[in-house]
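Some notes on the structure that comes next.
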Amino acid sequence: MISLQSLIKKYDVPVPRYTSYPTVPYWDVQNFSTDQWLQAVKRTFDETNDEKGISLYLHLPFCESLCTYCACNTRITKNHKVEDSYSESIIAEWSQYKKVFGHTPVIRELHLGGGTPTFFSPENLKNLLKSLFSDTLIHHDREFSFEGHPNNTTEAHLKTLYNLGFRRVSYGVQDLDLKVQQAIHRIQPFENLERVTKQSREIGYTSVSFDLIYGLPYQTLQSVVNTVEKVISLRPDRIAFYSYAHVPWLKPGQRGYEDADLPADVLKRSLYETGRKLFLDAGYIDIGMDHFALPSDALAVAQREGNLHRNFMGYTTTQTELLIGLGVSAISDAKYAYAQNLKKVEEYSKEVNGDQFAVWKGHIQTEADRFMKRCILDIACKGVLNEKPFDRILNQQQLESLKGLKNDGLIEFSENGLILTETGRIFIRNICSVFDLRMQSQQQGSEKVFSKAI
Ligand code: SF4
């Protein structure tokens, strides 16, 4: 039996997180046009809006200061006047999509991400969302969530968004050790996290999530244990425990520390294993791909009932098939196609305010893409694949890779497909990658595209 350490060494290669398939770097951008994108939007809207509703993602990119580890599309500024003009751009873009829909959209899922959504004042968020909701219906079983920064989320933010239907909030914690916080330029006292968690619960939020990162500069086993223990003491409903993605060639802010300051591969994996064990011992369920939830949380319930779904926003309990991303760099998914908006605020705003779509690039799904996507989603969300005769559709290289995974004890073949073993759950991204035909066909260069799996 191959040891866990050997498996970690073997599978510590760059692989995507699979919030889409194909993943963005492997989109076929040459064979994409905005017209095709809008046709896919209209078709998916007509097929699914009335029954399932749609999802909306709003990218609010502004932050007052840069956290050096950050891999998001941000605009660093202390000038809060940008809130008004940016809100107008979002509303202009939404109006264009409403014209494409042709009738009233039913909003089922809404997520505010960034950047820092709580950079916006409560009043401006309220005005933006009220405008967004005009001429729409809100689904009776809605899922509204937002990302809050523990340092600047106020009681007024929480109350305002609660009154607009938000019940889930996710706080970026990352790490609670001062030395690590100094290195990543994100000083965030535990008291702030404690305060916003308490206030969220008192106001009535039913799900409070924390995002943590392992693999940050200066993290040690003991510092991660300390962080995780403090986090568990607040009993968040969900925890995302992400691997730090070191991509300084894409994010120069990450050059603020040396490679030597980062935990080496084996230590990094131990940080994850240590955190995971503490979460499981505290009663959390491993949802897959770095997510944990209390057994009573909707994610854990959906996993038990086989209803878990995954899209650009990560794991979700809703089964919508049209996700419209509004705002700079936002990504949309219309079942038959993907699209991403322009990445610079000025360019994005110029397009949408000139009544043009700000779509920058995209991908039209082929039949083969949709099949591989189903396989990857099943593995990521259910830990099983029931897609016989998938073995007749896969190529020789993929079949050999699956045999290798079986020999390493990561999967078992079943009557209708395959099932992940307990050890296999740790390598879920690697297992999904066997179905990633697009990446395999352009393998060269992947070293510089994704972070490592572990
Ligand atoms: S980590 Fe969050 S708060 Fe920090 S710069 Fe990135 S988006 Fe802004």
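The values are calculated or read from the model by the stated rules, or taken from the named source; none is laboratory data. Just so we're clear, the structure is a prediction, and the values are computed from it rather than from any experiment. Cβ coordinates were reconstructed from backbone atoms using ideal geometry, including for glycine residues, and neighbour counts include every protein chain displayed. For accessibility, only protein heavy atoms count, side chains too; no ligands or nucleic acids. Shrake-Rupley method; radii C 1.70, N 1.55, O 1.52, S 1.80 Å.
What the table shows:
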{"item": "Filter result for residue 301 (of a type in the set (A, V, I, L, M, F, W, C) and open to solvent by less than 30 Å² (accessible area, probe 1.4 Å))", "result": "no"}
{"item": "Test result for residue 16, open to solvent by less than 10 Å² (accessible area, probe 1.4 Å) and more than 16 Å from the ligand (Cβ to nearest atom)", "result": "yes"}
{"item": "Hits in the range 29-51 (condition: under 23 Å from residue 375 (Cα atoms) and either of a type in the set (Gly, Ala, Ser) or at pLDDT below 95 (or both))", "result": "40"}
{"item": "Complete set of residues in the range 45-72 that are open to solvent by 20 Å² or more (accessible area, probe 1.4 Å) and closer than 19 Å to residue 340 by Cβ", "result": "57, 70, 71, 72"}
{"item": "Single unsatisfied condition, residue 119 versus (1) open to solvent by less than 60 Å² (accessible area, probe 1.4 Å); (2) over 22 Å from the mean Cα position of the chain (by Cα)", "result": "(2)"}
{"item": "In the range 299-317, the residues that are of a type in the set (Gly, Ala, Ser), part of a loop (DSSP other than H, G, I, E, B) and within 13 Å of the chain's Cα centre (by Cα)", "result": "none"}
{"item": "Contacts under 7 angstrom Cβ, first residue in the range 136-163 being closer than 25 Å to residue 64 by Cα, partner open to solvent by 60 Å² or more (accessible area, probe 1.4 Å), 6 or more apart", "result": "144/167; 160/126"}
{"item": "Neighbours by Cβ (under 6 Å, 6+ apart or cross-chain): first from the range 121-134, assigned to a helix (DSSP H, G or I); second open to solvent by 40 Å² or more (accessible area, probe 1.4 Å)", "result": "122/156; 131/91"}
{"item": "The range 178-190 - residue that is over 22 Å from the mean Cα position of the chain (by Cα) and either among the hydrophobic types (A, V, I, L, M, F, W, C) or buried (at least 20 other Cβ atoms within 10 Å of the Cβ) (or both) and, of those, nearest to the ligand (Cβ to nearest atom)", "result": "188"}
{"item": "Single condition residue 192 does not satisfy, out of (1) in a loop (DSSP other than H, G, I, E, B); (2) over 25 Å from residue 314 (Cα atoms)", "result": "(1)"}
{"item": "Count of residues meeting criterion [at pLDDT below 95, open to solvent by 20 Å² or more (accessible area, probe 1.4 Å) and under 12 Å from residue 20 (Cβ atoms)] in the range 306-365", "result": "3"}
{"item": "Count - residues of the range 394-425 that are among the hydrophobic types (A, V, I, L, M, F, W, C) and either free of Cβ contacts under 8 Å to residues at least 24 places away in the same chain or assigned to a loop (DSSP other than H, G, I, E, B) (or both)", "result": "5"}
{"item": "Residues (in contact (Cβ under 8 Å) with a residue 40 or more places away in the chain, away from the ligand (no atom under 16 Å from the Cβ) and among the charged types (D, E, K, R)) located in the range 49-92", "result": "50, 52, 84, 88"}
{"item": "Test: residue in the range 105-115 that is of a type in the set (Asp, Glu), open to solvent by 10 Å² or more (accessible area, probe 1.4 Å), touching a Phe, Trp or Tyr at 6+ places or on another chain (Cβ under 8 Å) and over 19 Å from residue 352 (Cβ atoms)", "result": "yes"}
{"item": "Given (1) surrounded by fewer than 19 Cβ atoms within 10 Å (Cβ to Cβ); (2) within 23 Å of the chain's Cα centre (by Cα), index of the condition residue 159 fails", "result": "(2)"}
{"item": "Qualifying residue in the range 2-9 (condition: at pLDDT below 95, over 22 Å from the mean Cα position of the chain (by Cα) and in a loop (DSSP other than H, G, I, E, B))", "result": "yes"}
{"item": "Residue among 42, 99 that alone is free of Cβ contacts under 8 Å to residues at least 24 places away in the same chain, open to solvent by 10 Å² or more (accessible area, probe 1.4 Å), away from the ligand (no atom under 16 Å from the Cβ) and more than 28 Å from residue 432 (Cβ to Cβ)", "result": "99"}
{"item": "Criterion (of a type in the set (Ser, Thr, Tyr) and farther than 26 Å from residue 384 by Cβ) met by exactly one of 296, 243, 270", "result": "270"}
{"item": "Meets criteria (assigned to a loop (DSSP other than H, G, I, E, B) and basic (Lys, Arg)) for residue 201", "result": "no"}
{"item": "Residues located in the range 280-298, provided they are without any contact (Cβ under 8 Å) to a residue 60 or more places away in the chain, assigned to a loop (DSSP other than H, G, I, E, B) and farther than 10 Å from residue 239 by Cβ", "result": "283, 295, 296"}
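Yes/no per residue for (1) buried (at least 18 other Cβ atoms within 10 Å of the Cβ); (2) modelled with pLDDT of 95 or more:
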residue	(1), (2)
154	no, yes
170	yes, yes
173	yes, yes
205	yes, yes
208	yes, yes
221	no, yes
237	yes, yes
248	no, no
256	no, no
